[in-house]
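Below is one structure; the comments refer to it alone.
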Amino acid sequence: MKRISVCALTTVLLLSGCSVYMAASKKGVDFEDLGNCKTRACLVSDGAEPLTAKGLPKDTEVFKVQKATGSTGRAVMHGLLDVATLGIWEVAGTPIEGHYDKDKYYGIRVTYEPGTTNIKSIALAK
């Protein structure tokens, strides 16, 4: 009986960690980070996807950007819960992290300097 308990505990501890990894994974971009971009190429390389929109002024473009996800604090909390519950937290934690902030986007409106791809201003789109 003792041997089975040790094997079960070892298996649970080895298989745990998915929700911790998912909580720590950084995806998306914060709006403040996009403010550092000076060109259109920088926006696209940071993950901004250009959208087609009618009626925009010349030298203006709209982008869709994935909201930043991942948090060190959440990852630590998942890790503590994994240890405290001997891995049982993974049953609830992994689906929660799989759905948390999944596919949340925001729009930005970018105005370029006339005739270039150099960014003049970036604002959240309405």
(Q) I'm checking my understanding of the structure. Among residues of region 93-126 that are of a type in the set (A, V, I, L, M) and touching a residue at least 60 places away in the same chain (Cβ under 8 Å), which one is surrounded by the fewest Cβ atoms within 10 Å (Cβ to Cβ)? (A) LEU124
Q: Can you confirm whether region 52-69 contains a residue that is within 19 Å of CYS18 (Cβ to Cβ) and part of a loop (DSSP other than H, G, I, E, B)?
A: no
**Q.** Residue count, region 21-71 (criterion: of a type in the set (Val, Ile, Thr) and within 14 Å of the chain's Cα centre (by Cα))
**A.** 3
Q | Top-ranked residue in region 40-67 [being small (Gly, Ala, Ser) and surrounded by fewer than 17 Cβ atoms within 10 Å (Cβ to Cβ); ranked as nearest to ALA24 (Cα to Cα)] | A | GLY47
Q.
On the basis of being at pLDDT 90 or above and hydroxyl-bearing (Ser, Thr, Tyr), does THR69 make the cut?
A. no
Q: Pairs only if they're at least six apart or on different chains, beta carbon under 6 angstrom, first in region 30-48 and under 13 Å from ILE108 (Cα atoms) and part of a helix (DSSP H, G or I), second at pLDDT 90 or above and among the charged types (D, E, K, R); list them, first residue then second.
A: none
Q. Could you give every pair whose Cβ atoms fall below 7 Å, whose first residue belongs to region 1-26 and is under 12 Å from LEU86 (Cβ atoms), and whose second residue is assigned to a helix (DSSP H, G or I) and modelled with pLDDT of 75 or more, counting only separations of at least 6 or pairs across chains?
A. SER16/ASP82; SER16/GLU90
Q. If you go through region 74-92 one residue at a time, do you hit one that is at pLDDT below 85, loosely packed, with under 11 Cβ neighbours inside 10 Å, assigned to a loop (DSSP other than H, G, I, E, B) and more than 16 Å from the chain's Cα centre (by Cα)?
A. no
Q.
From the list VAL20, VAL6, VAL29, exactly one residue is surrounded by 15 or more Cβ atoms within 10 Å (Cβ to Cβ) and either at pLDDT below 85 or touching a His at 6+ places or on another chain (Cβ under 7 Å) (or both). Which is it?
A. VAL20
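The values are calculated or read from the model by the stated rules, or taken from the named source; none is laboratory data. Note that the structure is a prediction, hence the values are computed from the model and not measured. Using ideal geometry, Cβ is built from the backbone for each residue, glycine included, and neighbour counts are taken over all protein chains shown.
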